Amino acid sequence: MLEIKKFIVNPFQLNAYVLYDETRECILIDPAVSNAGELEELKSFISDNQLITQSVVNTHSHIDHILGNKAVCETFGVPLFAHRDGESFLEHAAASAQTFGLPFAGVKPIDVFIREPQELKFGNTVLKILDTPGHAAGSICLYAEKEGVIIVGDVLFRESIGRTDLPTGDYDLLQKSIWEKLFVLPNETVVFPGHGPKTTIGYEKENNPFVAIGME
C-alpha cells in the first residue's frame with residue numbers, strides 16, 4: 001500500500017513528499033530542504049520507519065523545488081531523476097537563490113532523465129510519468145493509477161494553478177496540460193500539489209476558476 005508523508009520546507013513553504021510502500025522502499029519528491037534542521041527531520045523520518053531510499057525526483061527544476069537536491073542526494077547516496085528540459089533552470093540556480101536570499105550549496109546535476117511515457121518504479125509501486133509543461137519547461141506529474149493519487153508539483157493547486165509569468169511559463173499550455181493530462185483522470189483521484197493542501201480532480205473540475213470545465 002502506498003503511503004505519502006508530507007514535509008513543508010524552505011521559505012516558499014514547499015510540500016516535499018516521501019512516498020513508500022510495504023517493501024519499505026521509498027522515493028523523495030522535491031525534498032528542497034533549506035537548512036540542517038529540515039534535513040534532519042527528513043533523515044529521522046526515514047530512519048525511524050526503516051525506509052530504503054531509492055532516488056530523488058523533481059517535478060520541475062525551479063529553485064524552490066531543487067534547493068536541497070545536492071544535500072539530500074549526498075546524504076542518502078541516491079541519484080536525481082528529472083526531465084531533461086529542466087536543465088536550463090539549473091544553469092541559473094545560484095543566481096535565483098541569491099535573488100531570493102536562499103542558502104544554496106550548489107547544483108546537483110540530473111543523473112537520470114525521465115519523461116512520458118516512462119514509468120518510475122520502487123518497491124511494489126508504479127508511477128506513470130505525465131509531461132505537463134506550462135508552469136515551467138520540464139514539469140512532470142507522477143500518477144499512481146492503482147492507488148488513485150497524483151503528485152503534480154506546481155501544475156495544479158486547490159482552486160489555483162502554477163504561475164505562468166516566469167521563464168518558459170505559458171498559460172495556454174498549462175491549461176492544455178491540465179485539461180488533457182489531469183482532468184481525464186478519475187474524479188476521485190487525490191491531488192498532492194507542490195504548495196498548499198491536497199485536493200481532488202473532481203473538485204478542481206468544478207471549482208478551479210483558472211481551468212474549471214464544469215460537470216454535468
For A32, list long-range residues whose amide hydrogen, built 1.01 Å from N in the peptide plane, is under 5 Å from its own amide hydrogen.
-> G68
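Please report the antiparallel percentage of the DSSP beta bridges confined to the chain, to the nearest 5.
Details: 26 of 39 bridges.
Antiparallel bridges: around 65 percent, rounded to the nearest 5.
With the Cα gyration tensor of the range 1-109 in hand, convert its eigenvalues to equivalent ellipsoid semi-axes via √(5λ) and list them largest first in whole Å.
Numbers: eigenvalues 107, 43, 26 Å².
In descending order the semi-axes read 23, 15, 11 Å.
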For the range 3-207, the count of lysine pairs 8 or more apart or interchain whose alpha-carbon atoms are under 21 Å apart comes to 26
Of the options F100, N69, L80, report the single residue whose Cα projects farthest towards the positive end of the charge dipole of the range 24-105 (beta-carbon charges: Lys, Arg +1; Asp, Glu -1).
-> L80
Hey, rough spin-label estimate for E180 and A94, points 7 angstrom out along Cα→Cβ, what's it come to in nanometres?
-> 3.8 nm
About its Cα centre, how strong a charge dipole does the range 3-207 have in debye, to the nearest 20, once Lys and Arg get +1 and Asp and Glu get -1 at the Cβ?
-> 100 debye
Ordered by residue, what ³J(HN,Hα) values in Hz, to whole numbers, does the range 118-124 give under the Karplus form 6.51 cos²θ - 1.76 cosθ + 1.60, where θ = phi - 60° and Gly and Pro are x?
-> 5, 10, 10, 10, 8, x, 9
Counting only residues 5 or more apart in sequence or on a different chain, those whose built amide H sits under 5 Å from that of E25 are I52
Taking Cα pairs under 8 Å and at least six residues apart, what relative contact order does the chain come out at, in percent?
-> 15 percent
Helix-only CD estimate at 222 nm, as mean residue ellipticity for the chain, using -39500 (n - 2.57) per DSSP H run (n ≥ 4) = -6000 deg cm²/dmol
Under Karplus coefficients 6.51, -1.76 and 1.60, residue-wise ³J(HN,Hα) of the range 20-29 in Hz, glycine/proline x = 8, 9, 5, 7, 6, 6, 9, 10, 10, 9
Go from 0 up to the bin containing the longest alpha carbon distance in the range 13-67, width 10 Å each, and give me the % of pairs per bin.
-> 24, 55, 20, 1
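Throughout, read-outs are computed from the coordinates displayed, never taken from laboratory work. This one's a predicted model, so the numbers in the text were calculated from it and none came from an experiment. Please note: Cβ atoms are built from the backbone with ideal geometry, for glycine as well, and neighbour counts cover all protein chains shown.
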